[in-house]
Amino acid sequence: MRGYRATIVALMLAATCGMALAHETPAITTTRTNGGLIEPFAIGGVDLTFPVPRAYCLPTGRYETIAKVAAQMDARNLTVVSFVSCADMEKGIEQTRWGMLKALIATVGGGAGPRQDLINTLKAQINPADLQELNKKGAEEVKGNIEHGLGQKIDIAVDIKTLDADDVAAYSGGTLTFKKAVGDPIPISCVYAVTVAKDRVFFLYFFSVKTGAHEITTLLSELKLATQAFVSANPENK
């Protein structure tokens, strides 16, 4: 099924970040710009912008439909922007690389605090073993939603590790493997950043159907550039 990977991964987002809290979904306003290079949006009464990463485009057509469905399935975070490989859309194929910017609903109204404080807290409190356990629990928590959405049983293997941290964000990533009763397992590479912009916590995700250490390294490089661009576009003092 086209879009299968994107849909089930979206259901897994709460598990991979391990930090989101269930909450009522607030209103969000986005305005499309020519070419999709910059995506303005308003959240909690604050205006922000998201520079769409190089080689990615805002989804249109069936890609946009998939993104909207996936966003609705994630009740724990607010999907602000979705983006898909421009090459995939031009070819009309199932997406091979895509990403999402999500806001932690608990801080939509503000209150995240200084970015560096959050990063230091993550570095100090989440060791590799704890992160793995947190992700496993999250996977089990949303497993029922995935099975309901797909109409069949599915197993999830989560191998997410802390990758790095700097003054912009804390980064984690690894592989999500989905196993159905029939058919081959579906592994997906996932990296994500946790950061603060305008006193709100955000998660920026990159996904790829390619797997392996080299792909994770490539995704992490893209993620760091995109996170830096997002943070720079939304300075705290403006």
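Would you be able to say whether some residue in segment 177-186 is buried (at least 17 other Cβ atoms within 10 Å of the Cβ), within 15 Å of the chain's Cα centre (by Cα) and either part of a strand (DSSP E or B) or not hydrophobic (A, V, I, L, M, F, W, C) (or both)? Looking for residues that are buried (at least 17 other Cβ atoms within 10 Å of the Cβ), within 15 Å of the chain's Cα centre (by Cα) and either part of a strand (DSSP E or B) or not hydrophobic (A, V, I, L, M, F, W, C) (or both), one finds none in segment 177-186, hence no.
Considering only residues in segment 157-176 that are part of a loop (DSSP other than H, G, I, E, B) and not aliphatic (A, V, I, L, M), the one that is surrounded by the most Cβ atoms within 10 Å (Cβ to Cβ) turns out to be 166. Across segment 188-208, the qualifying residues are those that are more than 15 Å from the chain's Cα centre (by Cα) and surrounded by fewer than 23 Cβ atoms within 10 Å (Cβ to Cβ), and the one among them that is farthest from residue 110 (Cα to Cα) is 198. For the residues 227, 218, the requirement of being in contact with a strand residue (DSSP E or B) (Cβ under 6 Å, 6 or more places away or on another chain), assigned to a helix (DSSP H, G or I) and either at pLDDT 95 or above or of a type in the set (Phe, Trp, Tyr) (or both) singles out 227. Against the definition (assigned to a strand (DSSP E or B), out of contact with any Gly (no Cβ under 8 Å at 6 or more places or on another chain) and at pLDDT 90 or above), how does residue 194 come out, yes or no? It is true that residue 194 is assigned to a strand (DSSP E or B), out of contact with any Gly (no Cβ under 8 Å at 6 or more places or on another chain) and at pLDDT 90 or above.
Criterion first (modelled with pLDDT of 65 or more and either loosely packed, with under 13 Cβ neighbours inside 10 Å or farther than 25 Å from residue 215 by Cα (or both)) does residue 121 satisfy it? Answer is yes for this residue.
Here residue 168 does not qualify as at pLDDT 90 or above, out of contact with any Pro (no Cβ under 6 Å at 6 or more places or on another chain) and within 21 Å of residue 88 (Cα to Cα). When 55, 70 are checked against the criterion of being among the small types (Gly, Ala, Ser), within 30 Å of residue 161 (Cβ to Cβ) and modelled with pLDDT under 80, 70 stands alone in meeting it. Cβ-Cβ contacts under 9 Å between residues 6 or more apart (or on different chains), taken from a first residue in segment 48-71 that is surrounded by 16 or more Cβ atoms within 10 Å (Cβ to Cβ) and assigned to a loop (DSSP other than H, G, I, E, B) to a second residue that is of a type in the set (Ser, Thr, Tyr) and modelled with pLDDT of 90 or more, are listed as 58/82; 59/82. Restricting attention to segment 28-52, the residues that are among the aliphatic types (A, V, I, L, M) and either within 14 Å of residue 197 (Cβ to Cβ) or at pLDDT 90 or above (or both) total 5.
The values are calculated or read from the model by the stated rules, or taken from the named source; none is laboratory data. Predicted model only: the values in this text are computed from it and were never measured. We place every Cβ from the backbone using ideal geometry, glycine too, and count neighbours over all the protein chains shown.
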